[in-house]
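First comes the structure, then the notes that go with it.
The values are calculated or read from the model by the stated rules, or taken from the named source; none is laboratory data. For clarity, every value in this text was computed on a predicted model and none was experimentally measured. When we count neighbours, we look across all protein chains shown, and the Cβ atoms used for this are built from the backbone with ideal geometry, even at glycine. For the accessible areas, the whole protein counts, side chains as well, though only heavy atoms, and no ligand, DNA or RNA atoms are used. Shrake-Rupley method; radii C 1.70, N 1.55, O 1.52, S 1.80 Å.
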Amino acid sequence: MPKEECGCVPRAVAGGGTVAYLLAMTAAQNAQQSTPSLASAHDKILIVDFGSQVTQLIARRVREDGVYCEIVPFNKAEQAFLEMKPKAVILSGGPESVHEAGSPRAPQLIFASGVPVLGICYGQMTMAEQLGGTVEGGHHREFGRADVEVKAPSKLFEDVWSPGGKNQVWMSHGDRITKMPPGFSVAGTSPNAPFAIIHDETRKYYGLMFHPEVVHTPDGAKLIRNFVRKIAGLTGDWTMRAFREEEIAKIRAQVGKGKVICGLSGGVDSAVAAVLIHEAIGDQLTCVFVDHGMLRLDEAKTVVDLFRHHYNIPLVHVDASKQFLGELEGVTDPETKRKTIGRLFIEVFEAEAKKLGGADFLAQGTLYPDVIESVSFTGGPSVTIKSHHNVGGLPERMNMKLVEPLRELFKDEVRKLGRELGLPEIFVGRHPFPGPGLAIRCPGDITRDKLDILRQADAVYIDQIRKHGLYDDIWQAFAVLLPVKTVGVMGDGRTYDFVVGLRAVTSTDGMTADFYQFDMKFLGETATRIINEVKGVNRVVYDVTSKPPGTIEWE
């Protein structure tokens, strides 16, 4: 299969201002040496990753049904299967081609185990080839929306699709199965995939050429639910209440009587991690909030008020903006900005930890996507796409062990946990904010003046969204100070000021997104307010770029 195929989508739209992002501390070395911790008390599904950038969406769909699952790279799947003892397995898509020498395979023991298996795109093709079928390249490619015609009833689409019906799906393939393995039959076809859906209901093996995990397959979540509930027979016993209780016990067992410091970034992830850890160990926790000078308007005050006054958690507030902005002066490359901010954050954080007399543990809001993305499973396109995440490890000189209570969670699950912990909705429901802050929303060189202009414009924009009751309908909204100036006329004078770009997207997963369709009255009113209230801006534009599978999000 050509390298660009099988639905690769980056996760760049999900900003998530985590300390893990700033510190880049979820080391690739850790991810390569072991699989994520296992939730042994629950029924589990193992997802074998062949390199698709939408593999995380499979896990999200499974988790939405209350079933615990983990993603493991194909080259570690055999060990994970033996340790995890899953009740079912899902094989993901990927950029490789099954008929090419050296292309990845699923462990054969999965097929010998008797557990139900669902193969998606590349996963379908490697399953077919490993079980005696044939896969070939050079056939008609099929990308984007397509219609699948159901040819036979199947447990997989019971109560969802009926024989004879045509149903929209999202395709992304150039190879296809040309001979089914023994025991399989065709359950659905598409114009360019005569084996779009295959199944062996006796052994509970199912293969889909399309991607049910993406929103562009409208009934995809229902198909995955059928596999999880009706075929695998799992009940869905993984809840946030159960997670909270189990994680508190884990934290207490790990920390004992040790001291923990937790870096706060102002985002949802680190806030939830801090509150959960505090519930577990109380004043053994001290939070350190480093203000790098690139936060949103009044961000620092909001964080300090919440943790000092609402939760009464010991908090050290460090204004390091002069140091950060000094080292970023003249830096224009976005990747260099990120790495500089991460390095400086570690240095400042380490200095503050020494002032506190040291600590045994460092807590951070690492999420499951950070764990997954800290290593490229196949050496494929994800190496480049994910270069901005977890680019380094925790310096040995810090001599602390990590406490990462959110390591098994996705962003939406962190929000659910935050609500379970009683965090104010203003924190739990806030839009994702990138760890490097406004640094990546100010293309080109960074100065205090430009950051102040951007802060004010962004505040007006968000205020407008809240006043119109639109905040919760939008997954992420932000302003960008573009590195260009334009001539304008204000009153009787000419101006030469900056252009501000506005971005707002809707999304359910942070991996695919569509622009929010404001009406022109709202955009006109917002642009007028920004130009009138923010000195240094004379033009406002709105970005209407969508992000379907296969595209990279603009920051």
Given the convex hull of the Cα atoms of region 71-185, what is a quarter of its surface area in nm²? 8.0
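Grab the beta carbon distance between residue 229 and residue 467, set R0 = 45 Å, and tell me the FRET efficiency rounded to 0.05. Don't jump to the answer; show the numbers that get you there.
Values: r = 42 Å, r/R0 = 0.94.
Efficiency, from the Cβ-Cβ distance: 0.60.
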For region 224-274, list log₁₀ I(q)/I(0) at each q in 0.17, 0.27 Å⁻¹, using the Debye formula over Cα point scatterers of equal strength and ignoring solvent, two decimals each. -0.74, -1.04
Per residue and in cubic angstrom, what volume does the convex hull of the Cα atoms of region 264-313 have? 62
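Pull out the extension gain between residue 484 and residue 219, defined as 0.36 nm times the separation in residues minus the alpha carbon to alpha carbon distance; nm, one decimal.
91.0 nm
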Cα-based Rg and Dmax for region 415-548, in Å, come out at 15.9, 56
With all protein chains present and a 1.4 Å probe, how do 109, 328, 297 order by accessible area, largest first? 297, 109, 328
Spin-label model distance (nm) - residue 85 vs residue 447, 7 Å beyond Cα toward Cβ: 6.5
Name the residues of region 60-88 whose amide N is less than 18 Å from a point 7 angstrom out from the Cα of residue 237 along the C-beta direction? 63-70, 84-88
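Assuming 0.36 nm per residue, please report the length gained on full extension of the stretch residue 249 to residue 99 beyond their Cα-Cα distance.
49.2 nm
More than 24 angstrom separation, counting every C-alpha pair in region 168-264; what % is that? Could you put the intermediate results ahead of the total?
Details: 2211 of 4656 pairs.
Value for region 168-264: 47 percent of Cα pairs lie more than 24 Å apart.
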Among 180, 520, what's the order by accessible area (1.4 angstrom probe), most exposed first? 520, 180
Cα-based Debye curve of region 127-210 sampled at q = 0.17 Å⁻¹ gives log₁₀ I(q)/I(0) of -0.64
C-alpha center-to-center spacing [region 316-375, region 268-302] in angstrom: 14
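Given a Förster distance of 30 Å, report the FRET efficiency between residue 399 and residue 327 from their Cβ-Cβ distance, rounded to the nearest 0.05. Don't skip to the end; give the middle numbers.
Working: r = 25 Å, r/R0 = 0.84.
The value I calculate is 0.75.
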Label point distance in nm, residue 426-residue 535, each placed 7 Å from Cα along Cα→Cβ: 2.8
Given the whole protein assembly as supplied and a 1.4 Å probe, what does the accessible area of residue 131 come to in Å², nearest 10? 30
